[in-house]
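My questions will all concern the structure given below.
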Amino acid sequence: MAAEPPTTSFSSSGEDVISQVIEVTPDTSADVLSLEEFDIFYEIRRTAEEIVRGDYKRIALQFPDELLHDSVPIFRRLNKTIAELEAEGATSTIRELYVLADTSYGSCCVDEVAAQHANADLIVHYGHACMTQTSRLPAIYVFGQKQIDVERCVAELMRVFNRDESERENTTEKRAVLLKHDVTFAHKADEIVQCLRQALSQSVPPIPLLYHKIPEMTYPSSATSAANPSSHPVNDHDPETDFQLEHTIIFYVGGESLGLSNLLMTNSSCNVYTYNPTTQTALHESATGRTNKMLMRRYVAVQKARDADVFGILVGTLGVASYLPLISHIRRLLARKQKKSYTISVGKLNPAKLANFLEVECFVLIACPENSLIQDKEFLRPIITPYELEVAMQAEQSWTGRYVLDFEKLLADAKATAPGEGADDGTSKHEDEGTDSDPDQPVFSLVTGTYRHAKRYGGKHDVEAEQSLVENTSAMVIRNKDDQVAMIDSAAGQFLQQRTYQGLEVRMGEDAPSVLEQGRSGIARGYQDDKSHKEFE
C-alpha cells in the first residue's frame, strides 16, 4: 500500500494560490469578423489618428479579462496603422505600445497606476468603462459595438411608457425624458435619439428628450474641475431646460449591470424605464420596488457604521479625480467624531484580505461609482460608501433616500456645509456640541436593539491633535519624557497597553554596546564571523 504524502497541518506552501484558475468568459463578438470588420469594431483607424495627432510616444493598452485574447491582433493592427499614418505624413516617430496584463482595481476604470509603470503618456481603454474622470493621463475609449435593433428598442420603451401614461392623471408640470445607455451602444446613440425624439413628439403634450453624448476621449482634470457630465445623474434643477428632478423620466438602454443599479439608486425619485437588448424587452423598473430594496440594504449598512468606532478607509482607486481630497475629508470627519481611522490600499477586494484587519469595525470604500457598492455577505465587516458615512455620522438618524456616489458632489456638499456654517457631515455646530454634553451618554443601536457606549479617540476640541490624527494615522502610542505611555490615540495602542507583556525596556547607555563590532556573514546554515576570516588569512 503506497504511503500517503505528508500534509502540513499548520501552514501551506501557497501553491494552490499561485495555480488558482480564475473563470473568465471570453467575449467572442469579434472572433467571427473579417479583418476590415475587426478594425471597425475596435476603431483601429480612429485610435491611431488620435495617437499621431497628439504625438503620444508611449501608449498603454488596457483590456478587461474577457478581451485579453484580442490584445495581440489589436496591438499588431495598431502598429501597422500608425506606421501607415506616419508614412502619409512623411514623419518618423518612435512610438511604443504596451499591453497591460491586469488591472490594479476595477477593469471599468482607467488604470493609471499600471500605465505609469510603463511610463505611458496615454491610455487606450477597451471594453466597458465607468467614464469617471481621470486625474493624471488622457484616455481614449474603445467601447466595442454591440448590436441592437433600434426600432424594436424605441417601440418597446414607448409601449411600456404609454401604458403607464394612460393610467396616470393629467398634470400640468413640465416633464422631460433623459436617455441613458450602456457605453457599448454608443455607436447607435444618434440613431436611438432620433427615433425616440420622433416618438416622444407625438405625445400630448410633446415631451422633450435630453441626452449627453458619451465622449470618446477624455483628458485629466484638476481636483476642483467638474467631471464628465455624461457620468452624472440629472441635477436637482437644470437651468437650461427648467425641469425638476422628480418630473424627469429616464430611459435606459442596456442589460443588467452595476451601472444600472447605481442609476436606480442615485435617481430614486425618477421613473426609470429600461430596455434589455438581449431579451428585447422593456420594463418599468421603478414600479418593481427594486430601488427600495437596494436602499433598505444600504440603510442596514449605515446603521452598522453608526455602531463602529474604528474605521478603515479603503483606497479602491488611484485614478479617479478628487480621490485625494475625498480621503482627507473623510479623515477630518472621523477625527471630529472622535473615531479612529486607518487608510488601507489593498488593490482588488476579497474577504480574505479584509479579514486580516480584525480591529477595524467598518470599512469606507473610495472607488468609482460602479465599484462602490459591495453587497457580498462573505465580508466580515460592512463596507460602506463615503455618502453612507456622511449619513451615519449625523447626530439624528434621518435619510430622505437621496444617494450620491460622485466624488465632486460629495465634496461640494461638504464645502457648502463647512464648519462654522454647519459640519460637513450634515449636522450643525450646535448639534455636535449637544452630543458631547455627556461623554458617557449611551447610544441606542438599531442593529443590536441595545444601548452601547461609544469609544472616543483623540480630543475633539484640540485642533492640533485633530490635525495630527489626519496627517499621521499610523502613530499608536505617544510617550512622555519618562518613556511612559502618556496618551493613546490608537485602538491598536490601547490593545497593546492592556497586555501583560509591554516589550523590552530600552536603557540608553546601559544595554547598548559602547563599541561597534563586525557581525557574521554567510548563510544561515554556516555562519562565518570576521575573526575566523582573519585567522585563515
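The values are calculated or read from the model by the stated rules, or taken from the named source; none is laboratory data. These figures come from a predicted structure and were not determined experimentally. Neighbour counts are summed over all protein chains in view; Cβ atoms, including those assigned to glycine, are modelled from backbone coordinates with ideal geometry. Side chains are part of the model used for accessible areas, which takes the heavy atoms of the whole protein and leaves out ligands, DNA and RNA. Shrake-Rupley method; radii C 1.70, N 1.55, O 1.52, S 1.80 Å.
Quick check on the stretch 262-284: of everything there that is in a helix (DSSP H, G or I) and open to solvent by 10 Å² or more (accessible area, probe 1.4 Å), which residue is nearest to ALA392 (Cα to Cα)? Reasoning before the result, please.
Restricting attention to the stretch 262-284, the residues satisfying the condition of being in a helix (DSSP H, G or I) are 262-266.
Now drop any that are not open to solvent by 10 Å² or more (accessible area, probe 1.4 Å), which leaves 262-263, 266.
Details: ASN262: 20, LEU263: 22, THR266: 18 Å.
This residue is THR266.
Name every residue in the stretch 182-198 that is aliphatic (A, V, I, L, M) and over 15 Å from GLY255 (Cα atoms), in order of residue number.
ALA189, ILE192, VAL193, LEU196
If I filter the stretch 226-245 for residues that are touching a helix residue (DSSP H, G or I) at 6+ places or on another chain (Cβ under 9 Å), surrounded by fewer than 20 Cβ atoms within 10 Å (Cβ to Cβ), modelled with pLDDT of 80 or more and not hydroxyl-bearing (Ser, Thr, Tyr), do I get at least one hit?
No, that holds for no residue.
Would you say ALA115 is within 29 Å of LEU314 (Cα to Cα), open to solvent by less than 10 Å² (accessible area, probe 1.4 Å), touching a residue at least 12 places away in the same chain (Cβ under 8 Å) and not β-branched (Val, Ile, Thr)?
yes
Read through the list (1) part of a loop (DSSP other than H, G, I, E, B); (2) open to solvent by 50 Å² or more (accessible area, probe 1.4 Å), then give the number of the only condition that GLU151 fails.
So the condition that GLU151 fails would be (1).
Please go through the stretch 375-388 and give me each residue that is open to solvent by less than 20 Å² (accessible area, probe 1.4 Å) and under 17 Å from SER445 (Cβ atoms), ordered by number.
ILE384, GLU388
Within the stretch 114-138, how many residues turn out to be over 20 Å from ALA30 (Cβ atoms) and assigned to a loop (DSSP other than H, G, I, E, B)?
12
I've got another one for you. For the list (1) more than 30 Å from SER261 (Cβ to Cβ); (2) at pLDDT 60 or above, I need the number of the one condition that LEU410 fails.
(1)
Yes or no: the stretch 445-466 includes at least one residue that is open to solvent by 90 Å² or more (accessible area, probe 1.4 Å), in a helix (DSSP H, G or I) and modelled with pLDDT under 65.
Looking for residues that are open to solvent by 90 Å² or more (accessible area, probe 1.4 Å), in a helix (DSSP H, G or I) and modelled with pLDDT under 65, one finds at least one in the stretch 445-466, hence yes.
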